[in-house]
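The values are calculated or read from the model by the stated rules, or taken from the named source; none is laboratory data. This structure is a prediction, so every number in the text was calculated from the model and none was measured. No Cβ is skipped: glycine too gets one built from the backbone with ideal geometry, and neighbour counts run over all protein chains shown. Note: accessible area is taken over every heavy atom of the protein model, side chains too, but ligands, DNA and RNA are not part of it. Shrake-Rupley method; radii C 1.70, N 1.55, O 1.52, S 1.80 Å.
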Amino acid sequence: MAKGRKKQKRPLSDAAAAQRPKTAQRKRPRKDKPLSPRTIRRTAALVAVLAPVTIVGLMVLAVDPDHTALFTILAVLALIASLGALMAVRARGWVLWPGVLLGVLLLAVPTATTRAEVLAHRGERTEAVITWAHGSKDKGGRTHWTCGIRRTDGKPLPHAEYQGSGCYGSSDIGTTTTVLVDPEGWAPPASGDLDFAFLSGGVYAVAGLSLLWALLAAAAARRTLRESPAASRA
């Protein structure tokens, strides 16, 4: 017998072949059924209206430092859900990144704008003593200071810390400064020389961002319906 010859496998009998487990056939993945034109229109309308209202509303509530983390997390979750619905309306193309950009701006602008409006309308100038100072550096190496304060008249002060004019370092501890205080305690204190010139601009910015989001959802739905064969028959 020649060396190196491979042993040939004996064919299975019919009975053994019948008992041999059959290899499971791979199932072909089913293609996702496209949304109907009516569903696309309804989803786009809900996303256009509910997304900016929900996100802006939650970020307005996040002005209160006691609840900032909670409402910010809820707003981020609302944005993620809105982007998912937007992608359901327009599964491909350019819609995602403009949606992300507008969503991030909707998260960032309302809190600062609302805080400024609250202090502009009902903020009271109050004398306060700086009790401590804490500095933190940003990525550019610049130091930003946060100072703890207490009122000179001894009244309790909600959210007794602030940033801005008069808070420049540990050398300011013990000095007296003027801060704007919300008597209801919703908005945190701010520097007494806070510039409210951007207040009206911030309100218009929030309205403009909300409008752009609605237009984005409408444009995505219109583009999808235009390319959908079912839409042409509807």
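For the range 178-196, which residues satisfy the criterion of being in contact with a Ser or Thr (Cβ under 7 Å, 6 or more places away or on another chain) and more than 12 Å from TYR162 (Cα to Cα)?
If the condition is that a residue be in contact with a Ser or Thr (Cβ under 7 Å, 6 or more places away or on another chain) and more than 12 Å from TYR162 (Cα to Cα), then ASP193 is the only one that fits.
Mind counting the residues in the range 146-172 that are aromatic (Phe, Trp, Tyr), closer than 19 Å to PRO65 by Cα and surrounded by fewer than 18 Cβ atoms within 10 Å (Cβ to Cβ)? If you could, list the steps in order and put the result at the bottom.
Within the range 146-172, the subset aromatic (Phe, Trp, Tyr) is 162, 168.
After this cut, where a residue has to be closer than 19 Å to PRO65 by Cα as well, the list is 162.
If we keep only those that are surrounded by fewer than 18 Cβ atoms within 10 Å (Cβ to Cβ) as well, we get none.
Qualifying residue count, the range 146-172: 0.
Give the number of residues within the range 151-166 that are touching a Ser or Thr at 6+ places or on another chain (Cβ under 7 Å) and either closer than 10 Å to TRP132 by Cα or aliphatic (A, V, I, L, M) (or both).
Of the range 151-166, the ones touching a Ser or Thr at 6+ places or on another chain (Cβ under 7 Å) are 151-152, 161-166.
In the following step, the residues that additionally are either closer than 10 Å to TRP132 by Cα or aliphatic (A, V, I, L, M) (or both) were identified as 161.
The qualifying residues number 1.
Could you check, for the range 60-67, whether at least one of its residues is modelled with pLDDT of 85 or more, part of a helix (DSSP H, G or I) and buried (at least 16 other Cβ atoms within 10 Å of the Cβ)? Reasoning before the result, please.
Keep residues of the range 60-67 that are modelled with pLDDT of 85 or more, which gives 60-67.
Now drop any that are not part of a helix (DSSP H, G or I), which leaves 60-61.
From the residues that got through so far, the ones that are buried (at least 16 other Cβ atoms within 10 Å of the Cβ) too are 60-61.
Within the range 60-67 (the criterion being modelled with pLDDT of 85 or more, part of a helix (DSSP H, G or I) and buried (at least 16 other Cβ atoms within 10 Å of the Cβ)), the answer is yes, since at least one residue qualifies.
If the Cβ limit is 8 Å and pairs must be 6+ apart or interchain, which residue in the range 51-75 that is within 13 Å of GLY103 (Cα to Cα) and of a type in the set (A, V, I, L, M) pairs with which residue that is open to solvent by less than 60 Å² (accessible area, probe 1.4 Å) and not in a helix (DSSP H, G or I)?
ALA75/ALA62
Taking the conditions exactly as written (hydroxyl-bearing (Ser, Thr, Tyr), over 30 Å from LEU35 (Cα atoms) and assigned to a strand (DSSP E or B)), does SER165 satisfy them or not?
On the way: hydroxyl-bearing (Ser, Thr, Tyr): yes; over 30 Å from LEU35 (Cα atoms): yes; assigned to a strand (DSSP E or B): no.
In short, no.
Taking the range 173-192 on its own, how many of its residues are more than 19 Å from THR111 (Cα to Cα) and surrounded by fewer than 16 Cβ atoms within 10 Å (Cβ to Cβ)?
5
Among the numbered criteria (1) at pLDDT 95 or above; (2) crowded, with 16+ Cβ neighbours inside 10 Å, which single criterion is violated by LEU77?
(2)
So if I check each of LEU70, LEU101, which one is open to solvent by 60 Å² or more (accessible area, probe 1.4 Å) and over 26 Å from TYR204 (Cβ atoms)?
On the way: LEU101 fails: over 26 Å from TYR204 (Cβ atoms).
Testing whether each residue is open to solvent by 60 Å² or more (accessible area, probe 1.4 Å) and over 26 Å from TYR204 (Cβ atoms) leaves just LEU70.
Scan the range 109-127 residue by residue and report those that are open to solvent by 40 Å² or more (accessible area, probe 1.4 Å), assigned to a helix (DSSP H, G or I) and without any contact (Cβ under 8 Å) to a residue 60 or more places away in the chain.
Across the range 109-127, the qualifying residue is only HIS121.
How many residues does the range 78-136 hold that are in contact with a Cys (Cβ under 8 Å, 6 or more places away or on another chain) and aliphatic (A, V, I, L, M)?
Count: 2.
If the requirement is being of a type outside the set (Val, Ile, Thr), at pLDDT below 95 and open to solvent by less than 30 Å² (accessible area, probe 1.4 Å), which of these qualifies: LEU12, LEU86? Break it down stepwise before answering.
Working: LEU12 fails: open to solvent by less than 30 Å² (accessible area, probe 1.4 Å).
Of the residues listed, the single one that is of a type outside the set (Val, Ile, Thr), at pLDDT below 95 and open to solvent by less than 30 Å² (accessible area, probe 1.4 Å) is LEU86.
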